[in-house]
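Colleague: There's a structure below that I have some questions on.
None of the figures in this text is laboratory data; all of them are computed from the coordinates on show. Everything numeric here is computed off the predicted structure, so don't read it as measured data. With ideal geometry, Cβ positions are generated from the backbone for all residues, glycine too; neighbour counts draw on all protein chains shown.
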Amino acid sequence: MKQAIQIKENMYWVGVHDFNCRQFHGELFPISEGTTYNAYLIVDEQITLIDTVEEEFMDIMMERIHSVIGERAIDNVIVQHAEPDHSSGFLKFMEAYPNARAFASNAGANAMLKQYFKEVAYEKVKTNDTLCTGKYTLTFIEMAMIHWPDNMLTYVKENGIIFSNDAFGQHIVSYNIFDDGHSLETCIDRAKDYYANIVMPYGMQVANKLRQIAEMNLTFDMIAPSHGIIWRTYIPQLLESYEAFATFKQTNKAVIVYESVWKHTQMMAEALAEGLGQGGIHVKVYKNSATSSALIMKEILDAKAILVGSGNYNNTIAPGIASFLEKLSSCKVKGKKSLAFGSYGWGNVVTKALKERLEKAGLPSFHEDIISQCYTPTEEDLDALIQLGKDLAEEIKTM
Ligand code: FEO
């Protein structure tokens, strides 16, 4: 029988492991070793479930619940987020516990109805509303647009725990469910990965919410998100990292993303990287089609410069680069600059289009010049690009 895992007195993890998930939220976020959908059970005079899981995993969640409370009924269910990874099991849950009171934000109740077409008597809650379950009082805090309009978190003062839903999540899949079962470096790196791919467009909301939560003077020593491990030891480093992510705190770093068929654009990318490297900039170089988009987004988060290269594909940008630009545009990055480059054989039009797309995405160009190359770069051409990389390095250091 599958078991719940106790995380605090009277509080249990009753989530599931999805070992086979490789595309999190469709193609948005390729992941390497699956994820978890975390649900939590609070056993008090009234029993409360925080979130459900994807419908196909509901039997596992139920088994874990039964391992704690047997046939006792659940009194309350908190729908912290209506996205299906946490809500598609909800109606199945209500069939098993028809008398449970369901709590959701106003936006959450609306999204549930529009997805599952069933009216449920949700009790709509907003920031600072509370639910007393006996000795525990649950306080709700809306987290609008982190990363859907309906997200909220639940704070239990008596046990010093925040159930944060998607915020502070990461894809660490383990039965060792606390952060200190893993290295600090791994935990923060996975949180960065998750932030860059799921939360990055909402940095302003995250920064404001972190400020608001700090002003509320909550006392807590555990953060239990809806994906991955539970934070209890690395909380100061996590909060510091989130502050840096939300404000696009940047280092002297450049990320080069390109696509190339006959290696001409690749030669340009590597010459620019050489110059940036010689100039003391930490530089990452990725051929888009050979690299996980999740890795590229993570590396972009704290870079000052994004250099994008494309060959000429029937007079337009390489499809993978066009798709990357769409994603970049949606992320509302701030404080970074860009450079477009690329090779062509006839019709020098792509680099100009690339430059315009980058500027439209909020990334002003380092240069007005079009950095393009007709067919194969000569040694002199490559030396000029190395010099350009060195010049960019100096500009980057002043940003
Ligand atoms: Fe984990 Fe926004 O869903």
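Colleague: Could you work out the relative contact order of region 137-216, using alpha carbon pairs under 8 angstrom and six or more residues apart, expressed as a whole percent?
Modeller: On the way: 76 pairs, mean separation 20.4, N = 80.
Computed value for region 137-216: 26 percent relative contact order.
Colleague: To continue, here is another question. Whose amide H sits under 5 Å from the amide H of T137, counting only residues 5 or more places off or on another chain, with H placed in the peptide plane?
Modeller: Answer set, sorted by chain and number: K157, E158.
Colleague: As a quick test, which of the pairs K114/K332; K92/K332; K126/K355; K2/K209; K209/K390 have an alpha carbon distance above 32 angstrom in this structure?
Modeller: On the way: K114/K332 28 Å; K92/K332 37 Å; K126/K355 44 Å; K2/K209 36 Å; K209/K390 39 Å.
Beyond 32 Å between Cα atoms: K92/K332; K126/K355; K2/K209; K209/K390.
Colleague: Search the structure for amide H atoms under 5 Å from the amide H of I47, placed 1.01 Å from N in the peptide plane, and list their residues when 5 or more places away or on another chain.
Modeller: Those qualifying (amide H under 5 Å, at least 5 residues apart or on another chain) are D75, N76.
Colleague: Just add up the charged neighbours of K304: K/R +1, D/E -1, any other residue whose Cβ is under 13 Å from the Cβ of K304.
Modeller: On the way: positive: K249, K253, K284, K334, K336, K337, K397; negative: E299, D302, E394, E395.
Net of charged neighbours comes to +3.
Colleague: Shape call for region 240-326 from the C-alpha gyration tensor, a ≥ b ≥ c root eigenvalues: rounded (a/c under 1.5), prolate (a/b greater than b/c) or oblate? Present the calculation step by step, with values, prior to reporting the outcome.
Modeller: Values: a/c = 2.74, a/b = 1.48, b/c = 1.85.
Here region 240-326 falls in the oblate category.
Colleague: Run through region 334-382 and list the trypsin sites (Lys or Arg not before Pro) located in a DSSP loop whose Cβ has at most 14 other Cβ atoms within 10 Å. Don't skip to the answer; put the middle values down first.
Modeller: Numbers: sites: K334, K336, K337, K352, K355, R357, K360; in loops: K334, K336.
Those that pass, being in a loop and sparsely packed, are K334.
Colleague: Select from region 1-84 those GluC sites (Glu not before Pro) which occupy a DSSP coil region and have at most 16 other Cβ atoms within 10 Å, ordered by residue number. Walk me through the numbers before you get to the answer.
Modeller: On the way: sites: E9, E27, E33, E45, E54, E55, E56, E63, E71; in loops: E9, E27, E33, E45, E54, E71.
Loop-located and lightly packed - E9, E27, E33, E45, E71.
Colleague: Moving on. Run the numbers on region 1-122 and let me know its relative contact order in percent, using alpha-carbon pairs under 8 Å that are six or more apart. Don't skip to the answer; put the middle values down first.
Modeller: Numbers: 225 pairs, mean separation 26.2, N = 122.
RCO, region 1-122: 21 percent.
Colleague: Would you list which aspartates and glutamates come within 14 Å of K334, measuring only between C-alpha atoms, while excluding same-chain residues fewer than 8 positions from it?
Modeller: Qualifying aspartates and glutamates at Cα under 14 Å: D302, E359.
Colleague: Quick one: 3J(HN,Hα) in Hz for region 223-228, Karplus 6.51/-1.76/1.60 with θ = phi - 60°, rounded, Gly and Pro as x.
Modeller: 10, 10, x, 9, 9, x
Colleague: While we're on this one: T251 to S329: extension gain in nm, 0.36 nm per residue of separation minus the Cα-Cα distance?
Modeller: Working: separation 78, 0.36 × 78 = 28.08 nm, distance 2.08 nm.
Contour length minus the Cα-Cα distance gives 26.0 nm.
Colleague: Right, next: Considering Cα pairs under 8 angstrom that are at least six residues apart, work out the relative contact order of the chain and quote it in whole percent.
Modeller: On the way: 854 pairs, mean separation 46.9, N = 399.
Worked out over the chain, it gives 12 percent.
Colleague: While we're on this one: For the chain, with a Gaussian network of springs between Cα atoms less than 10 Å apart, report the residue from P225, P30, P98 with the top mean-square fluctuation.
Modeller: Highest fluctuation of the listed residues: P98.
Colleague: Something else: Using the beta-carbon distance between M399 and D129 and R0 = 51 Å, what value does 1/(1 + (r/R0)^6) give for FRET efficiency, to the nearest 0.05? Intermediate values should be presented prior to the final figure.
Modeller: On the way: r = 44 Å, r/R0 = 0.86.
Once the sixth-power term is evaluated, E becomes 0.70.
Colleague: Further question: Work out the length of the dipole vector of region 76-142 about its Cα centre, built from +1 on the beta-carbon of each Lys and Arg and -1 on the beta-carbon of each Asp and Glu, and round it to the nearest 20 debye. Don't skip to the answer; put the middle values down first.
Modeller: Numbers: 7 positive and 7 negative charges, 27 e Å.
Roughly 120 debye, rounded to the nearest 20.
Colleague: Still on this structure, please answer the following. With both partners inside the chain, how many of the DSSP beta bridges are antiparallel, as a percent to the nearest 5? Walk me through the intermediate numbers first.
Modeller: Numbers: 28 of 64 bridges.
Just about 45 percent of them are antiparallel.
Colleague: Okay, moving on. Tell me the trypsin sites (Lys or Arg not before Pro) within region 122-227 that lie in a loop according to DSSP and have at most 13 other beta-carbon atoms within 10 Å.
Modeller: Numbers: sites: K124, K126, K135, K157, R190, K192, K209, R211; in loops: K126, K135.
Qualifying residues, ordered by number: K126, K135.
Colleague: Determine the calculated [θ] at 222 nm for the chain from helices alone, applying -39500 (n - 2.57) to every DSSP H run no shorter than 4 residues and normalising by the residue count; nearest 500 deg cm²/dmol. Intermediate results must be reported in sequence, preceding the final value.
Modeller: Values: 12 runs with 137 residues, N = 399.
Calculated at 222 nm, the ellipticity per residue is -10500 deg cm²/dmol.
Colleague: Excluding residues on the same chain fewer than 8 positions from K360, give the aspartates and glutamates whose Cα lies under 15 Å from its Cα.
Modeller: Partners found: E326, E368.
Colleague: At most 14 other C-beta atoms within 10 Å and a DSSP loop state: those are the exposed chymotrypsin sites (Phe, Trp or Tyr not before Pro) I care about. Give me the longest piece of the chain that has none.
Modeller: After excluding every exposed loop site, the longest remaining stretch is 20-116.
Colleague: What dipole magnitude, in Debye to the nearest 20, does the chain give about its Cα centre under +1 on Lys/Arg Cβ and -1 on Asp/Glu Cβ?
Modeller: Working: 36 positive and 50 negative charges, 118 e Å.
Using Cβ point charges on Lys, Arg, Asp and Glu, the chain gives about 560 debye.
Colleague: By the scheme Lys and Arg +1, Asp and Glu -1, what is the net charge of all other residues having a beta-carbon under 12 Å from that of E27?
Modeller: Numbers: positive: R22, K327; negative: E326.
Combined, the nearby Lys, Arg, Asp and Glu give +1.
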